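One structure below.
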């Protein structure tokens with residue numbers, strides 16, 4: 001007997017048939033004697049439909065507090081429907097909203113961080129042998145106002161519950177059947193992995209391999225929650241994500257592509273100390289996630305700083321920099337959204353010096369120009385023209401894995 | 001400066017245009033310096049759509065707890081959208097769900113009663129000069145589970161807030177512009193009243209004049225909350241409902257029709273003492289609202305008891321009686337749904353003995369047979385064949401009012 005946390009995304013519960021498919025998976029594990037806590041997202045297009053309603057009322061953007069109030073209704077609908085399906089299958093069940101399940105967050109509406117989970121209610125319901133269905137993606141702040149956790153928030157909700165309840169396993173059901181060495185829809189030779197370490201998964205997640213949200217993997221690593229990424233439609237084992245994994249043949253664990261990237265260049269900066277600190281400190285305050293950074297010498301004793309940010313944060317980033325205009329002397333800012341980041345990930349990369357050059361060679365052979373390079377202990381990322389992204393993934397994947 | 005509570009139904013906020021219409025009414029009163037608390041129902045068909053989703057999952061009927069979880073999402077969407085519209089109009093606003101607004105109820109899911117309102121949050125927000133938008137129809141029980149208040153629950157929510165916050169006025173916006181002496185769509189001579197007493201309104205509400213829900217009027221009477229029933233589409237005064245009203249010309253305040261009535265007859269009851277107690281005590285336990293009761297002598301030393309209940313409670317009523325079979329001796333139960341109740345309401349009726357006979361005469365002249373009669377201090381109701389209901393209302397209305 002174990003405590004299993006299962007998370008199902010919106011497409012897994014998009015209609016009544018799929019709701020029952022999910023309910024059956026839950027009931028199956030429950031009937032084996034396990035305690036089961038389920039985290040579920042809003043059904044299919046519900047969130048998008050609600051966003052459309054908000055845009056109709058206030059196209060310039062409603063307050064984030066009211067957006068969170070609005071969007072959290074989506075999971076409320078899905079938890080109730082899933083609970084009804086489980087009732088229909090004859091098992092005891094209770095649905096709980098974020099606040100009922102004890103999710104306490106900060107007040108950063110739309111992107112709240114979980115501060116703690118008060119597990120009292122969850123414990124009470126599992127003690128009573130109820131299956132518990134928890135609304136993902138949401139919590140409350142200290143004012144008792146509803147907050148949402150932002151993109152991939154339901155994964156984070158599931159891992160947070162697994163950590164707080166010391167669950168034996170946290171299963172993340174998706175539309176793929178595990179973690180692949182590259183996107184299997186794009187790269188025919190992509191291989192499914194049985195196991196992957198938190199760090200490797202983290203790099204893949206951070207880099208646009210959208211199987212798992214990186215916040216949820218970070219949290220799983222921190223609290224040592226064993227994850228399984230598996231298919232909500234098929235019945236077969238997925239990929240286990242944990243601290244120590246058994247050695248596998250390939251050094252490189254995956255090739256990922258991220259097209260949600262914008263390159264921002266600040267041109268003609270005065271060449272004085274502290275410039276980089278000033279810029280990136282301001283960007284951090286504005287909650288912009290800066291990724292690759294490049295500094296180069298410009299004309300006339302100036303320098304240029306170029307960096308990448310997620311495309312949906314580029315507006316914020318530019319505003320933040322423009323606010324520095326009084327204390328920061330520069331000639332121009334330019335942006336380019338038509339870029340893509342291609343990354344390879346694998347533990348122990350730093351002790352294999354040939355890896356980077358092999359990647360660059362593969363791209364050169366495919367005729368793809370590299371704009372920026374970034375490396376860490378377990379990954380190498382390059383920025384290229386967006387139109388070559390898929391070609392680049394295939395070329396790099398085939399050089400290392402196929 | 002006053003504290004005004006306003007309640008808007010689902011059709012008043014059915015689309016973006018109507019949401020702004022409502023937002024403008026709210027902002028107008030707020031800009032005059034008033035504190036404004038608004039109660040709003042789910043948009044248009046939202047509740048019906050959610051019920052359809054539940055039926056698709058479990059046609060035999062999901063648990064009431066999960067239904068309440070599901071349905072309360074409807075108001076969550078409408079409060080957020082209305083708040084966004086008010087933000088767009090430039091006024092400070094906070095939306096609150098039932099539990100955030102302090103609605104504590106019993107655990108009778110689907111038909112919960114408000115036990116108390118903890119006004120702390122409402123007070124805090126009005127003190128900060130925020131317009132407050134409260135989700136109607138919902139609260140939480142002692143387990144922190146969401147409950148809904150049943151039919152007309154948003155009216156009750158509004159009156160409860162007005163009572164708890166000692167509001168100066170509680171305005172109930174509807175699709176009619178006030179309380180009429182009869183349904184103006186059916187009776188061309190119907191007259192709009194400027195004022196009506198709680199008791200008179202209560203009788204009209206209980207009797208199918210669906211302008212106001214009777215629970216909300218009862219509560220308004222108990223806490224002496226002055227109500228105004230007015231149109232959400234037009235700008236003109238409605239009908240004030242309060243304790244003492246100024247004398248008006250007509251003794252009879254209104255004629256109402258209720259077709260949501262089923263007549264149940266228990267035939268061939270053993271003629272022993274305590275029979276009526278046994279039956280109606282059991283029905284009360286089953287939460288069935290019994291209205292007109294008639295007891296008559298049957299064949300062979302037995303008696304028949306006939307009574308009316310709301311049609312949607314007839315199944316419960318019959319089950320409750322069948323459960324008595326062991327201790328209650330009867331021959332048969334018959335039901336008739338094709339009946340309607342026609343009522344006239346007016347204070348001081350008991351001191352005008354001619355009223356009842358005038359009503360009966362009007363029905364007789366129109367060729368309508370009376371099946372049952374019930375009278376109280378301020379109303380006279382008759383049960384007739386449903387197909388004559390509209391004719392009966394016209395005939396009675398014209399006899400008294402036109």
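The values are calculated or read from the model by the stated rules, or taken from the named source; none is laboratory data. It should be emphasised that the depicted structure is a prediction, and the values quoted were computed from it without experimental measurement. Using ideal geometry, Cβ is built from the backbone for each residue, glycine included, and neighbour counts are taken over all protein chains shown.
Structural remarks
- Within segment A:200-220, the residues that satisfy the criterion of being closer than 19 Å to residue A:380 by Cα, modelled with pLDDT of 75 or more and in contact with a helix residue (DSSP H, G or I) (Cβ under 6 Å, 6 or more places away or on another chain) are A:201, A:202, A:214.
- Checking residue B:357 against (1) part of a helix (DSSP H, G or I); (2) more than 28 Å from the chain's Cα centre (by Cα); (3) surrounded by 15 or more Cβ atoms within 10 Å (Cβ to Cβ), the condition it does not meet: (3)
- Test result for residue A:49, over 17 Å from residue A:129 (Cα atoms) and touching a helix residue (DSSP H, G or I) at 6+ places or on another chain (Cβ under 9 Å): yes
- Within segment A:57-92, the set of residues being more than 8 Å from chain B (Cβ to nearest Cβ), under 12 Å from residue B:57 (Cβ atoms) and outside any loop (DSSP other than H, G, I, E, B) comprises A:78, A:82, A:86.
- Inside segment A:232-264, residues that are under 21 Å from residue A:382 (Cα atoms), in a loop (DSSP other than H, G, I, E, B) and modelled with pLDDT of 90 or more make up a count of 0.
- When the test is whether a residue is in contact (Cβ under 8 Å) with a residue 40 or more places away in the chain, at the interface with chain A (Cβ under 8 Å from one of its Cβ atoms), over 23 Å from residue A:75 (Cβ atoms) and more than 21 Å from the chain's Cα centre (by Cα), residue B:23 does not pass it.
- Scanning segment A:360-402 for residues being in contact (Cβ under 8 Å) with a residue 40 or more places away in the chain, assigned to a helix (DSSP H, G or I) and touching a helix residue (DSSP H, G or I) at 6+ places or on another chain (Cβ under 8 Å) gives a total of 5.
- Answer residue from segment A:30-54, given it is within 13 Å of chain B (Cβ to nearest Cβ) and over 17 Å from residue A:69 (Cβ atoms) and is surrounded by the fewest Cβ atoms within 10 Å (Cβ to Cβ) among those: A:44
- Scanning segment A:185-194 for residues that are in contact with a strand residue (DSSP E or B) (Cβ under 6 Å, 6 or more places away or on another chain) and either assigned to a loop (DSSP other than H, G, I, E, B) or buried (at least 22 other Cβ atoms within 10 Å of the Cβ) (or both) yields A:190, A:193.
- Count of segment A:6-17 residues which are within 14 Å of another protein chain (Cβ to nearest Cβ) and either within 29 Å of residue B:79 (Cβ to Cβ) or part of a strand (DSSP E or B) (or both): 4
- Of all residue pairs spaced 6 or more apart or on separate chains, those with beta-carbon atoms under 8 Å, a first member in segment A:290-313 that is at positive phi and a second member that is surrounded by 14 or more Cβ atoms within 10 Å (Cβ to Cβ) are A:300/A:268.
- Number of positions in segment B:314-346 that are without any contact (Cβ under 8 Å) to a residue 12 or more places away in the chain and under 26 Å from the mean Cα position of the chain (by Cα): 1
- Residue in segment A:164-184 that is surrounded by 24 or more Cβ atoms within 10 Å (Cβ to Cβ), closer than 22 Å to residue A:10 by Cβ and out of contact with any strand residue (DSSP E or B) (no Cβ under 8 Å at 6 or more places or on another chain) present: no
- Test: residue in segment B:272-286 that is under 27 Å from residue B:156 (Cα atoms), in a loop (DSSP other than H, G, I, E, B) and out of contact with any strand residue (DSSP E or B) (no Cβ under 6 Å at 6 or more places or on another chain): yes
- Looking across segment B:93-128, the residues that are free of Cβ contacts under 8 Å to residues at least 40 places away in the same chain, outside any helix (DSSP H, G or I) and facing chain A (nearest Cβ under 8 Å) come down to B:94, B:100.
- Residues satisfying the stated conditions in segment A:133-148, i.e. more than 12 Å from chain B (Cβ to nearest Cβ) and assigned to a loop (DSSP other than H, G, I, E, B): A:136, A:137, A:142
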